Each structure stands twice: as C-alpha cells, then as structure tokens.
1. How do B:GLU242, A:GLU57, B:GLU341 stack up against each other in accessible area, from largest to smallest, with a 1.4 angstrom probe?
2. What Rg and what Dmax come out for the range A:407-522 when only alpha-carbon atoms are used, in angstroms?
3. Could you pull the Rg and Dmax for the range B:64-163, using just the Cα atoms, both in Å?
4. Tell me, how many Å apart are the Cα centres for the range B:226-246 and for the range A:201-223?
5. Name the residue from A:VAL338, A:VAL101, A:LEU278 whose Cα lies farthest towards the positive end of the charge dipole of the protein assembly as shown, charges +1 on Cβ of Lys and Arg and -1 on Cβ of Asp and Glu.
6. Determine the calculated [θ] at 222 nm for chain A from helices alone, applying -39500 (n - 2.57) to every DSSP H run no shorter than 4 residues and normalising by the residue count; nearest 500 deg cm²/dmol.
7. Ballpark to the nearest 100 Å², how much total accessible area do B and A bury together, probe 1.4 Å?
8. Name all residues of the range A:228-247 having a backbone nitrogen under 19 Å from the label point set 7 Å from the Cα of A:PHE382 along its Cα→Cβ direction, giving them as ranges.
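The values are calculated or read from the model by the stated rules, or taken from the named source; none is laboratory data. Just so it is clear, the model here is predicted, and its values are computed rather than measured. Here Cβ is always computed from backbone atoms with ideal geometry, including for glycine, and neighbour counts include all displayed protein chains. We work out accessible area using only protein heavy atoms, side chains counted, and drop any ligands, DNA or RNA first. Shrake-Rupley method; radii C 1.70, N 1.55, O 1.52, S 1.80 Å.
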Amino acid sequence: MGASRRPSGGFALAGAAWLPALLVLLVPAWLLLRATGGDGTGLTRVTAPATLTLLVETVLLAASVVVISAVIACSTALLVARTDLPGRRIWSILLALPLAVPSYMGAFAAIAAFGPNGLLAERFGAELPEAYGPVGAALVLALLAYPYLFLPLRAALLGVDPKLEESARTLGLTPIQTLRRVTLPLVRPALIGGALMVALYVLSDFGAVALLQVDTFTSVIYTQHDAFDRSGAAALALVLVAVTGCVLLLEGRARRTWRGRLTATRSTAVSSDRLIRLGRWRWLATAWCSLVVLAAVGVPLMVTAVWASSSGATCTHCEPLGTLALNSVTVAGLTAVVCMVLALFVVRYATFGRHRRRDLPRRLLYSGFALPGIVVALAMVFMASSWVPVLYQTLPLLVVACTLRFLPQATDGLAPAMAQVRPSLEEASRTLGHGRLATFRRVTMPLIRRGWIAGGVLVFLTTIKELPATLVLRPTGFETLATELWDLSNEAFLGAAAERCILIVCLGVLPMLVLLAREVER
Amino acid sequence: MTLRRTEAHASNANETEALHIAAVDKAFARLGVLFDVHLQVSRGERVALLGPSGCGKTTLLRIIAGLEHADAGVVRIDGRIVAGPDVWVPPEQRGVGLVFQDYALFPHLNAATNVGFGLSKPAPTRVAELLALVGLSDKAEQFPHELSGGQQQRLALARALAPSPSLLLLDEPFSNLDVKLRHALRTQVADVVTALQTTTVLVTHDQQEAFLFADRVAVVLKGRVCQFAPPRELYTQPASLEVARFVGEANVLSGDADGQRCETALGTLTGRGDSGRVQVVVRPEQLRIVDGASPNATLARVQFAGTQSRLLVRVDGIEQQLAMTQPATASATSGARVCIEVSDTVSWFPHP
C-alpha cells in the first residue's frame, strides 16, 4: 500500500516528463524516414555483411572499454572510499578530472605521445607501441570514461550503512569476504548505472575513434554523411539505435535481478578505524592512482601545452578568446539549466509512483546519450525546417539538441538524491501549512540540491566539449571554443587550436572543482 | 449501528464537534480499503483508531489530513467541510497537525527550525515554549539524527503542535520506541494535548495503548468502523465477536441462549445477546477456581507472569483449552483437578 499512497502528480507532471522522451523518440522516426527515402537503397545497408562486421567491432570496443573502466573505477573508488590512502580527498577530485577532457584531445595526446615519432619516443629514444587501432582506442576511451563509474561507485560506497558490514564481520566474514559478499552487492546498482553510461559514451563517441582510425557506427555514420550517402547513414544510425536498445534492456535486466532495495540511510562519516589499512601497499596504491590521472589528464594537458607554446599560437583571423569562451559558456550554461529543470520533472515522475511505466521516460532518454551528435543535430534541422522554420540556426534549437543528448546525465545525478526524499517529509510540510511550491523550496530542494547541481555540472562540461551538433546547429557567425578548435585544426593552426583546447578543459574543470571540493568534505 | 446519523442531522453540526466523518469510502486500484466510515469526535476529545495492520486506519488518518482523497463521503473539521463532493481543501489549509510514524523530521534543519517550520513568521518565543513543553530546551541546536528515538518523537510532536492545530493526528507515534519509553511518552503526550485542549486522534494497533490514551476508541476491522465506544464499554460490551476477539483476550464457547441465560459446558451463564445457538465470549479474568466444589477441569499449564499467573485449563466437554488469570499469590499446580466457574456477566453472539 505504501507506494500507492504517493501522489501521482497529475497530467502536468506526466506531460513535462514525457515531452523530452517523445522528442528523443522523434529522432529514430526521422531516421526511418531518411533510410527508406531516396532511391531506397538505404535499408539494404542494414543487412550488408560490412554492417555485421561493424556491429561486432563496435560491441567489442564498447564491452572492452566497460571492462577496463570498471577495473580502473572499482580499484580507485575502493581506495579513496575505503582505505587510508594518503590524500584520498585530493585523489577523489583528481580522479574525476578526465570528465573535462574531450575525447579528441585524449586521442591527439595518445598519438602525439606514443608511436614511432611521438614526443615520448623522441625524448627517451625507446620503441613504444602504436596508439592507433582498437587497443589504443579502448585504452584512451576507458581512461576518459571511467569517471562515469568512479563517481557513483564512490558515492555508493560511502553511502552503505556501516551496520550492514559490521554485522557481516560479527557473522565471521573477513574484510575481503565482507567486501565481496556484502559491500559490492549493495553498490551493484551504481556499478550497473555507471557501466551503462560508459557503454553509451563509447557508442556515441566520434573524436577518439576517428583519430585513432577505428571504425564504429558513429565514425562510419560521419564518413557516410561526408560522402553524402544520407540514407545509408540513417540506416546505420537506426542499427545504432537498436544496439542502444539492447544495451538498455541488458541494463534493465541486470537491475531487476537485484531484488533488494537500499534503504535511505544518512551518510555516516567513515571513521578512520573502519578504513582498511594499506600498510606498505600504500605506495603501490598511490602509484596506481597517479598513473591513471597522469595518463588520462596529465599527458593530454602536457602535449597540448607543448603545442600551444611551440608552434605559432597567434591567429589573426580568430575571434577573441573571451568572446569564444562566453559563447561556449552561454550554450553550456543554458543547456545545463534546461536539463536540470527537465530532469526534475522526469525524475519526480519516475520516483513518485509504483508503475514501471513511470520510469519509461527516464530510460528512453538514455538513447539520446548514445546517439552521435550529428544524427541528433540533423534530426533537429529536419524537424525545425519542417515544423518551426524560425528556430533553424538559432541558439534555442542548439540548446534543445544538446539537452536531448545530455539530459540523462542530469537525471542520473538527481535520481539518487530524489530517492532519499521520503514522501512523509513533504507531507509533513503540507500538514504544517505550506503549499506545493513552498514545500518544494523549503524541504525537497535542500535535500536534492547536491545531486541536482552535480548533474547540471556534468551536463555543462560535456556541452562545453561538444562539437558536431554545435557545428551543424550554431547560428551563422556564432563560434564557440570547440567549433573554432575544429576550424583551426583543419587549417593546421595547431598552436591556436591547442590554446582553445586547454581553455575548454579549464572551463569544464572549474565548476567541477567547486562541486567536488564540497562533495569530498564527507 | 448507533453511530450512524442521517445527512440532515449531520449538517446541523453541533458546536462542540471537532471532527465529523460521514460515509467515507476509499479504494486503491479497485481494492477496497475503507467502507462507509462514520466517525464523530467532540472538541478536546482524545480518540484512538484501533485495528490490525492493513485495516485502513492509517488511510483514514491520511484522508482526514488531506494527504489522500476519499472516493466518497464527507470530512468536516470544526464544522467546515474539508473534503466532500465538489469540495477539496488542501492539507496546508486544514489546520491539522500530523505526527508521522517515522516522525518525518527534516534532516537539513535543526530541532528549533523543525519546530518553527509551520509558523508563518519566525517566532523564537513560541519555538522555545514548545521545546520546553516537550522537554527539549537544551536540544534546540541539535539535528534530528543527533537525537534519540524518544527525543525525535517529542520533537515531531512539538513541530505538529507549533501552529496550534485544531486537530492533532498521531500515526502509530510510539511504535518505534521501547516499552518503558512508550509508557512514559504516551502519558506525557496525553498530558500535553489535554493541557492544550487539542482534539487528538491516535492510530495504533496496540489495544493497551488505545485504552490508556483515549477517551473513546474506534475499532477498525477490514476497512469498517465496527464499534466506537469508551474503552470499558468496548471491553465489556463488544458489538461483535470480531471486536471481542481483537480487544483483549477472549475464550469462545458454544452455548444455547434464551433471554439472559445461556447453557454452556461451564454451566448456566448470565449476560447479553440474541437467543438461539450462540458463541459466548468469556474473558480470562472472568474465570476463577472455586474451592471445595466438584472438579470439572484439569490445569494444563501454569505460567508465572509477575503480578499474576496465567493458567491454561482443559474443561471437561470442551475441545480447546481456556485461558485464565489469577493472582500470582494463589497456588496452582499443573495437572491438578479443579472446579472452574464464570464469575461475571458475559456477552454472546449468534453462531455463524
């Protein structure tokens, strides 16, 4: 009876929750239209042998990135949350930084640093393995995507009720057994959710796979587009949508086999005597964390810095950096705000009700995160020019496209926070004389604020990095850091490009630092 | 039922009526939870809704508070209709205080701000007054998780009382506390609401708690109010066998009733009920051992429980064992043959 007592929220809430999901669903509908249109050869691409090869390669890449990310994220999250690793608060921040590194930057750095003529080879004169190919791509992507797993895992590890682990110890389990049989099963939802985000990140990534010369659906879709094979590209995008659907189904199954339910516990500060003592292993642990951060953030920054300082950083025909940064921040900021508002409705709708279909909008939105930016962008162009021509090449349309792509990051941040708000808290406020809005402002908001803002920050920094949708949808003459970075690198102004790249990372890192600095207080 | 009033009568609301519930129905997903519920509570009265878990008593409380919509019926607080056909007053405008079973204290606010939450403007003196009332003056700066269970409970009470509600609702507020604390707090809460003359409705599944707290108790079974009466009347004159079984312990014997007499295996009993084949309710304390008379039963078990002993007896001619109590000072050994008789008037109900 408990669940049915929750307020349903009425049609307004349902409408606001379903609106973005329906917009995302319009993308595959448009793709279907595209793929079957033209000379009708589009759909034959779906069954072509090359598509099957592509499918296998893409799935293999995504799977291996998930596995590598999981290894990195589990080990580092356990170290910062459960051991006496020296400086574990600082490490919590440093290990999240790769989120701000664009994948093209990571790939560039890998190519520049490794390989026969790379910076490292030049300096040390040693033979180093090639960065190109699926192995290099998997490593680069894993190093950039693992924070999607690390952050929820760390939060979940800190949130596990200490009483549960203590009772396992009193029942005769060693610390390692407790970890395996109690702690890890309890954080499994975080693990599954994070793995999903990593997999979708790989499916939608263009920068890294293109530079490292690996074929995935997304990179081939781009090539098709450039070759003006629009219906072929649409057909491939449809297959990608199907793959995403399978990933979402897998994730749903994995979640459902877990029948337990974490009761909301207040986060207890982990007292220092509950931490696992690393002893002399602490140096190895520190070395591991250093290696991860150095490879994921240090090397890209170093390589870019070397370029920015060496080859002519000045660019005569460029917009001033201030204007570019302002434009980037405008797009990213607007997208973050829109995502935060929509996430509120979507998560609210999913949380307050017992029917599984109430969670459907939230889950459908994940497909937006997996779609290549260019597909979403072109779908927007089509819809705008058919239905609302005034929107074409305007800032609002660009914000809509970025919102559809990145909204899942906002809902992921908000959902666990919203789950902590027991219905009785809001009901108590109502019986004490406060209306819906006042109750939201005075009770719900303070309780969800942290997760809500965290989701917004994540949207902000991925939008700052975003390139393809911005390239297609930006208003004429509107340049952002990412679009000019693209133009400059095409014109081989590498120094100036590197400068913008560093600025992108900085703009993304700043809000993240503010957020994480408060987060690691606990 | 005697509680039933016609609509015409009910609309002629009487001045001392704090809460009036008429013909309330409620179903969740087509599953009926409340059926034709009627209840009238006078101003300043302490009332308990007593029933097993899942009987609908909490739902009724939430309908009164406005946290749940009734499917049919009318709810009136202080003469004002707050829920009914075409009328719906949202919870924040009902002037009802509710203490939740889990207390629902705001984890981001300290004790003082929790208490002040329902006040329209900051009123430090009022907050201090209430904290003093519940004995938490020295905890004003503490956060909910820093307080013990009993302190959290009292804080939730202070918060609900702060806006001076005309009606206070308590949803199993003592169930998360240990026995001693429960007794102490129940007395304290009863004293506080009596001093403030606040009409109070307590929801509980604990018969003793309901009896000790309330002036009148409504027994709610399977979504219906089966009887609404003072505790003593409820216990001695239950309206049905179900009520008798739920309120206190009941030995049930078969018998043949005729007027005020009833023939049973324990002899001819006097009491109330319909004539014919009946089921007779005999309370454990209504049974006693008579010395010297010819034995009609065997003591199956003797249990010492402090102030009194609990005995299980097997009466000749009756299948099941009967429970009875007697002062612990009286001697009894299991296996002994004794004479049992009923010392009081009893109630009986038609055989189903």
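1. These residues rank, largest area first, as B:GLU242, A:GLU57, B:GLU341.
2. 20.0, 66
3. Cα radius of gyration and Dmax of the range B:64-163 are 15.5, 47 Å respectively.
4. 76 Å
5. Final value for the positive-end residue is A:LEU278.
6. So the calculated ellipticity at 222 nm is -23000 deg cm²/dmol.
7. Buried: approximately 2200 Å² between A and B.
8. Inside the label zone: A:228-245.
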